[in-house]
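The values are calculated or read from the model by the stated rules, or taken from the named source; none is laboratory data. Not measured: the values here are computed from a predicted model. Here the Cβ positions follow ideal geometry from the backbone for every residue, glycine too, while neighbour counts run over all protein chains shown.
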Amino acid sequence: MSTQEFYIRGPTDTDARGPFTVEQLVTLGETGGIDAETLFYDAATEQWAPIATSEKVKNLVFPEKKRLSIKPKQHVAMLNVQQEEHRPITVQQMLAAAEGRTDDTKDKRTYMETQARSARAGLAATTLIFLFSAASLIVPHIDIVMNLDYAAMLQYPLIFLGVLDLVCAVLLALGTVAMYPFVRFRAAFGIGFLGLLYALQDQPVMALLVVGGSVGLYFCTVVLSYLPVLLSAVLGLAGIGGVAYFVLMT
């Protein structure tokens, strides 16, 4: 009967309404639009009859709702209940786990030690690269620097870059790794400006050495693995060391 259509009217109404499906009648019943005394047209008897007089129609329009029942209480094992063997984690245990001093985190400790050693090696290489760079820029004009002849220094502006490199070398030797962003900027300056400067002066070997040394300088502050740090250090020291050699020995 779910596809059957119905016409309805009130007990005192003369006009019928419809057709309505069973679903529509159920909705009307739930909202109070009809009740059990509402008349429906019975096609079998060709008469109007109250919905209450037909068990089939009544059950369709006003189905009995299932009664809610309370299930008996069941024991549920809680996951967050503290067991007797679960003891609070102490601060010392947390620090030991973070530092890789426990059985579960000992692999992490090895990785952290590798990173720390690589960082120290990169710092040492970076310091030496800056020393080589400072030497190549200052030593050829050491008399001007010692006499503080600023007018002469202005004729060789790269002297000021050498002084800056020397300051950076001292700070890095003191472990001031916070200046790594400036070191990377200095490396980019060497790749771009100094490389172009030597290239325009028709010194391709010097340009190549400066660019290679600056690239090595940059990656010494970035990588944290043995092999990449070693390659970066060799590239940086060979490049800037080569520049210092050609400047000081020729």
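Evaluated against (1) of a type outside the set (Gly, Ala, Ser); (2) buried (at least 21 other Cβ atoms within 10 Å of the Cβ); (3) touching a Pro at 6+ places or on another chain (Cβ under 8 Å), residue 198 falls short on exactly one condition, (2). Just so you know, in the stretch 164-182 the residues that are in a helix (DSSP H, G or I) and out of contact with any helix residue (DSSP H, G or I) (no Cβ under 7 Å at 6 or more places or on another chain) include one that is farthest from residue 140 (Cα to Cα), and it is 178. Only residues that are part of a helix (DSSP H, G or I) and either surrounded by fewer than 17 Cβ atoms within 10 Å (Cβ to Cβ) or free of Cβ contacts under 8 Å to residues at least 24 places away in the same chain (or both) were counted across the stretch 141-163, and they come to 16.
Rundown of residues vs (1) modelled with pLDDT under 80; (2) more than 56 Å from the chain's Cα centre (by Cα); (3) at positive phi, yes/no style:
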position: 18; (1), (2), (3): yes, yes, yes
position: 38; (1), (2), (3): no, yes, no
position: 50; (1), (2), (3): no, yes, no
position: 65; (1), (2), (3): yes, no, no
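Per the conditions (1) surrounded by 16 or more Cβ atoms within 10 Å (Cβ to Cβ); (2) farther than 17 Å from residue 133 by Cβ; (3) of a type outside the set (Phe, Trp, Tyr), the sole criterion not satisfied by residue 236 is (2). Scanning the stretch 143-190 for residues that are among the hydrophobic types (A, V, I, L, M, F, W, C) and in contact with a Gly (Cβ under 9 Å, 6 or more places away or on another chain) returns 145, 187.
Go through the stretch 183-250 and tell me which helices (runs of 4 or more DSSP H), entirely inside it, have 1 or more residues that are within 30 Å of residue 112 (Cβ to Cβ) and aliphatic (A, V, I, L, M). Reasoning before the result, please.
Values: elements: 195-200, 204-220, 226-249.
Those helices (runs of 4 or more DSSP H) span 204-220, 226-249.
One line per residue, one yes/no per condition, for (1) in contact with a helix residue (DSSP H, G or I) (Cβ under 6 Å, 6 or more places away or on another chain); (2) part of a loop (DSSP other than H, G, I, E, B); (3) modelled with pLDDT of 80 or more:
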site	(1), (2), (3)
96	no, no, no
102	yes, yes, no
115	no, no, yes
125	yes, no, yes
130	yes, no, yes
135	yes, no, yes
